[in-house]
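The values are calculated or read from the model by the stated rules, or taken from the named source; none is laboratory data. Everything numeric in this text was worked out from a predicted model, so none of it was measured. Ideal geometry is used to build each Cβ from the backbone, glycine not excepted, and the neighbour counts take in all protein chains shown. Areas reflect the complete protein model, heavy atoms only, side chains present, ligands, DNA and RNA absent. Shrake-Rupley method; radii C 1.70, N 1.55, O 1.52, S 1.80 Å.
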Amino acid sequence: MIQPVINAADFLMPHPEHIQNGCGMFDLRKNYHFTVDPFFTELVPLIGQLLSVNQHGEDLFFGKAKGQMAEEAYTLEISESQIVALASSVPGLHHAIETLRQLNLATEGRIPCCSISDKPTYRWRGFMLDCSRHFFSVKEIKKLIDVAAMHHLNVFHWHLTDDQGWRFPVRGYELLETVASKRCDIRYPDYKVSYGGFYTREDIHDVVAFAHERQMTVVPEVDSPGHVSALLAAYPELGCSGGPYQVRDQWGVFPEVLCVGNEASFAFMQAVIYSLCELFPDPYIHIGGDECPSVAWENCPRCQAKAKELGIVPSVLQGWYTMKIVKMVKDAGKVPLGWDELLDFHDGFPLPEGLVILSWRGTSAIAKAIGCGHQVIACPNTEGYYLDYKQADDPEEPGNLGVSTICQETDFRPWTENMGPDAQKLILGGQANLWTEMVCFGRHAEYQMYPRLAVIAEQLWQRQGYHSIVGRLPLEYRKLERLDVACCRSPM
Ligand code: ACM
Ligand code: ZN
């Protein structure tokens, strides 16, 4: 009997770079065994867990490629009798495993025979979760990391501090846990219910280890000099007026900011950076820098004196502050990242060398950052990369501030021909951001993310068109359902 050829790419998101369909299937429902080249030993537990197979057999073979493959590249040969996955690097082989996992989930173990040769376009493929506006448990975060990794994303940007809560320990500043991590829960205004959460050192080690097992880099963000109301509620002496301040229980941009005329603020930031280095082994620290009003500095004698000493007006003190914080981060051996507002100060102060810009306010900052020779990560709120926005322009749809559609996501490219080849090297990639003012629960976070995060993952991996993606969405829903991940099913 002639078997119909199944289009294996239908089961995958991102779509692989090259895929050739074969005939028949490898029936992963049977009790199979696998072998791994010793170079990839660290992936053994994940293979067993994600594919439900046991060691000590060659039904599935995970090996080292003969020649050198690109950093995250892999190949998969799936025949009726064997699966062979090859790569030169651990991240590459991990992608092969996640592709097999997708095929397994979408087909219930009847994996179609095919040959795949695959690699990403961009090396930074991330997602950000705001854990300040609302707190998400370690369990919820791990689930989000796991599903993101299945879509070949490789960066978790952990937004740990903001006006509404400080969420991690800094040595010598214990009030961050007892005061800055708690706020009034505005859902119950009459009862003055307290809302909060704090990640212990053990929690953070747990998340980092889980992410690393899935080859995902963890980037902590401590936002300053704006968005620090929670910090100032605990340590009012670090604000310009001395307080009192409150951990904010409303949303917005607030006038209270870090007093940059006070040396104690820099001692605090140094302690923050030491604590981040202790807790987060990956190379990056995100220093925030967005939405910082200067009114408090303009009215503060210490900030006025500092501005006078520097020969500038207080409103541009952020440029000077950024230089100092970037130096601390670099002296600690880390790569600094910051939001695109930091580009606004580079007329007064040169943008510190090595600062990577996250371009969120539309796309203009991409070209601006490149123009100053800086690496850039695209996360434009105008192009579908803000996952707190509604998935559809519909009053019934949950979401905040705007609309981010799949259509916008598939239209956008971080790099276009008119930017030139040098620009291409400076664009590291992109990431989607989930701010959580209106997202209280892990399940709702999943709904805001999917399927849009899978679409963004594809744009950063191997870009396909809108129609290709939409055709594959029903099978994407099936995979998400099998993982018990909530998702929006009418996101057009
Ligand atoms: C931002 O959305 N304030 C970075
Ligand atoms: Zn001040």
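Points worth noting:
- Residue within region 370-382 that is modelled with pLDDT under 95, open to solvent by 60 Å² or more (accessible area, probe 1.4 Å) and either closer than 23 Å to His467 by Cα or not β-branched (Val, Ile, Thr) (or both) present: yes
- Restricting Leu76, Leu46 to residues that are assigned to a helix (DSSP H, G or I) and crowded, with 17+ Cβ neighbours inside 10 Å narrows the list to Leu46.
- Single match in Gln246, Gln318 (criterion: more than 21 Å from His157 (Cα to Cα) and within 16 Å of ligand 1 (Cβ to nearest atom)): Gln318
- Yes/no for Leu105 being farther than 13 Å from Gln215 by Cβ, open to solvent by less than 10 Å² (accessible area, probe 1.4 Å) and at pLDDT 95 or above: no
- Looking across region 335-349 at every residue that is free of Cβ contacts under 8 Å to residues at least 60 places away in the same chain and over 23 Å from Gln304 (Cα atoms), the one that is nearest to ligand 1 (Cβ to nearest atom) is identified as Trp339.
- Scoring Trp251 on the criteria (1) open to solvent by 10 Å² or more (accessible area, probe 1.4 Å); (2) outside any loop (DSSP other than H, G, I, E, B) leaves a single failure, condition (2).
- Those residues of region 281-315 which are of a type in the set (D, E, K, R) and within 16 Å of ligand 1 (Cβ to nearest atom), in sequence order: Asp290, Glu291
- The condition (being closer than 26 Å to Ala148 by Cβ, touching a His at 6+ places or on another chain (Cβ under 8 Å) and either within 16 Å of ligand 1 (Cβ to nearest atom) or open to solvent by 10 Å² or more (accessible area, probe 1.4 Å) (or both)) is satisfied by just one residue among Glu278, Glu213, Glu202, Glu221: Glu221.
- For region 350-388, a residue qualifies if it is within 11 Å of ligand 1 (Cβ to nearest atom), without any contact (Cβ under 8 Å) to a residue 40 or more places away in the chain and among the hydroxyl-bearing types (Ser, Thr, Tyr), and exactly one does: Ser359.
- Subset of region 135-154 (residues that are open to solvent by 10 Å² or more (accessible area, probe 1.4 Å), assigned to a loop (DSSP other than H, G, I, E, B) and under 20 Å from Phe198 (Cβ atoms)): Phe135, Ser137
- Some residue of region 288-311 being acidic (Asp, Glu), within 30 Å of Ala209 (Cα to Cα) and more than 14 Å from ligand 2 (Cβ to nearest atom): yes
- Residue in region 112-122 that is touching a residue at least 12 places away in the same chain (Cβ under 8 Å), open to solvent by 10 Å² or more (accessible area, probe 1.4 Å) and part of a helix (DSSP H, G or I) present: no
- The residues on offer are Cys407, Cys379, and the sole one that is in contact with a helix residue (DSSP H, G or I) (Cβ under 7 Å, 6 or more places away or on another chain) and of a type outside the set (Gly, Ala, Ser) is Cys407.
- Index of the failed condition, Lys192 passing every other in (1) in contact (Cβ under 8 Å) with a residue 40 or more places away in the chain; (2) assigned to a loop (DSSP other than H, G, I, E, B): (1)
- Any hit, region 155-163, residues being open to solvent by less than 40 Å² (accessible area, probe 1.4 Å), in contact with a Ser or Thr (Cβ under 6 Å, 6 or more places away or on another chain) and under 30 Å from Val44 (Cβ atoms): yes
- With respect to the conditions (1) in a strand (DSSP E or B); (2) under 21 Å from Glu291 (Cβ atoms); (3) open to solvent by less than 10 Å² (accessible area, probe 1.4 Å), Ser132 lacks only one, and its number is (1).
- Here Glu397 meets the list (1) within 23 Å of Tyr477 (Cα to Cα); (2) open to solvent by 50 Å² or more (accessible area, probe 1.4 Å); (3) among the charged types (D, E, K, R) almost entirely, failing just condition (2).
- Qualifying residue in region 330-346 (condition: within 16 Å of ligand 2 (Cβ to nearest atom) and basic (Lys, Arg)): no
- Scanning region 254-275 for residues that are open to solvent by less than 30 Å² (accessible area, probe 1.4 Å) and either in contact with a Pro (Cβ under 7 Å, 6 or more places away or on another chain) or more than 14 Å from ligand 2 (Cβ to nearest atom) (or both) gives Phe254, Val257, Leu258, Val260, Met269, Ala271, Val272, Ile273, Ser275.
- Ser117 meets the conditions (1) touching a helix residue (DSSP H, G or I) at 6+ places or on another chain (Cβ under 8 Å); (2) of a type in the set (Gly, Ala, Ser); (3) within 30 Å of Asp59 (Cβ to Cβ) in every case but one. The failed one is (1).
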